[in-house]
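Asker: Questions regarding the structure given below will be posed in turn.
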Amino acid sequence: MTHGSDLGILKDKLANARSITVLTGAGISADSGVPTFRGTDGLWRNFRAEDLATPDAFTRDPRLVWEWYNWRRELIATKQPNAAHQAIVELERRCPRFWLITQNVDGLHRAAGSRRLSEIHGNIWMVRCTACGHVSESHEVPIQILPLCSLCRNLLRPHIVWFGESLAEEDLRRSYTALQSSDVCLIIGTSGMVYPAAGFASIAKEAGAFVAEINLDPTPQSALVDMSLQGRAKDIVPLLLEPC
Ligand code: OAD
């Protein structure tokens, strides 16, 4: 349930902010019909993301990992950005210093029109060669298992940051710069369980930003943020753009 006066305060903060950073997680795409990772509909053949999104899992059984990504690719291919994705595009348009950090690999922010963004966990429509490192786009649904590199014929993997792997340095640098210089930071639809993104709210807070969380449920971040708005991203985020 959203508190009306809180909404008014946040709208005012956003309207007056010179710099805004937004962090999103699977919850924003849940409203487009993409399953979250830690909800029960995120399970595939009873595997958790932590069982499959790892370099070890891929070394052990690349076919199984690709089958999981094919399941996700098939699902995501049919989905469209929702009102929350669109509202973030509008925030970017209005604010001169804006940065979007997303943990989502579904590409829905780009599809909506977001341009100033870091996809810190990668993108499900990109593949990378395990031998030569060549990165390319692939929109094949389903992708042919096992997919091979067009340059060197070695095995391709999803161009996604897996558990135990490091984020790209450029993405981290941009994210920290944005978080540390933002007047307002919105944390939308993330469980706050996966680092480093789980630490981003406190980085923004320590740097002096007003930090607001928008989530269906309370999270580990709820206690440290300045404001916690409970509800669906697609219902709440568009309200933030309405006149104060
Ligand atoms: P999770 O699945 O862990 O959390 C989704 C969050 O969204 C939960 O806190 C839900 O309460 C919330 N939520 C669900 N529906 C919502 C809605 N309609 N509106 C607002 N909030 C809603 O997803 P992430 O936090 O994004 O990494 O997970 C982080 C990372 O863990 C992912 O990027 C992924 C995963 O393993 C990789 O794949 C590398």
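The values are calculated or read from the model by the stated rules, or taken from the named source; none is laboratory data. The structure displayed is predicted, hence computed values, not measured ones. All Cβ positions, even for glycine, are placed from backbone atoms using ideal geometry, and neighbour counts span all protein chains on display. When the accessible area is computed, the model is the full protein with side chains, heavy atoms only, and any ligands, DNA or RNA have been set aside. Shrake-Rupley method; radii C 1.70, N 1.55, O 1.52, S 1.80 Å.
Asker: Between the alpha-carbon centers of region 33-52 and region 136-192, tell me the distance in whole angstrom.
Answerer: So the two Cα centres are separated by 18 Å.
Asker: Leaving ligands, DNA and RNA out of it, report the carbon-plus-sulfur percent of the accessible area of the chain at a 1.4 Å probe.
Answerer: 50
Asker: Another one. For Gln86 and Arg153, what is the calculated FRET efficiency with R₀ set at 35 Å and r taken between the beta-carbons, to the nearest 0.05?
Answerer: FRET efficiency, Gln86 to Arg153: 0.25.
Asker: While we're looking at this one, here's another question. Given springs between every Cα pair under 10 Å in a Gaussian network model of the chain, which of Leu52, Leu155, Leu186 has the largest fluctuation?
Answerer: Most flexible of the set in this elastic network: Leu155.
Asker: Specify the residue with the greatest mean-square fluctuation among Asn16, Asn104, Asn46, computed from a Gaussian network of the chain linking alpha-carbon atoms under 10 Å apart.
Answerer: Comparing Asn16, Asn104, Asn46 in a Gaussian network model of the chain, the most mobile one is Asn46.
Asker: Could you do me a favour and compute the accessible area per residue for the chain, 1.4 Å probe, result in Å²?
Answerer: 47
Asker: Now for a different question. If you stretched the chain out fully between Asn46 and Val141, how much longer would it get, using 0.36 nm times the residue separation minus the C-alpha to C-alpha distance?
Answerer: Between Asn46 and Val141, full extension yields an extra 32.0 nm.
Asker: Okay, next question. Would you mind calculating the relative contact order of region 28-152 from Cα pairs under 8 angstrom and at least 6 residues apart, reporting the percent as a whole number?
Answerer: 21
Asker: Once you order the gyration tensor axes a ≥ b ≥ c over the Cα atoms, which shape class does region 186-244 get: rounded for a/c under 1.5, otherwise prolate or oblate by comparing a/b with b/c?
Answerer: oblate
Asker: Using a 1.4 angstrom probe on the protein heavy atoms only, line up Met126, Met193 by accessible area, largest first.
Answerer: Met193, Met126
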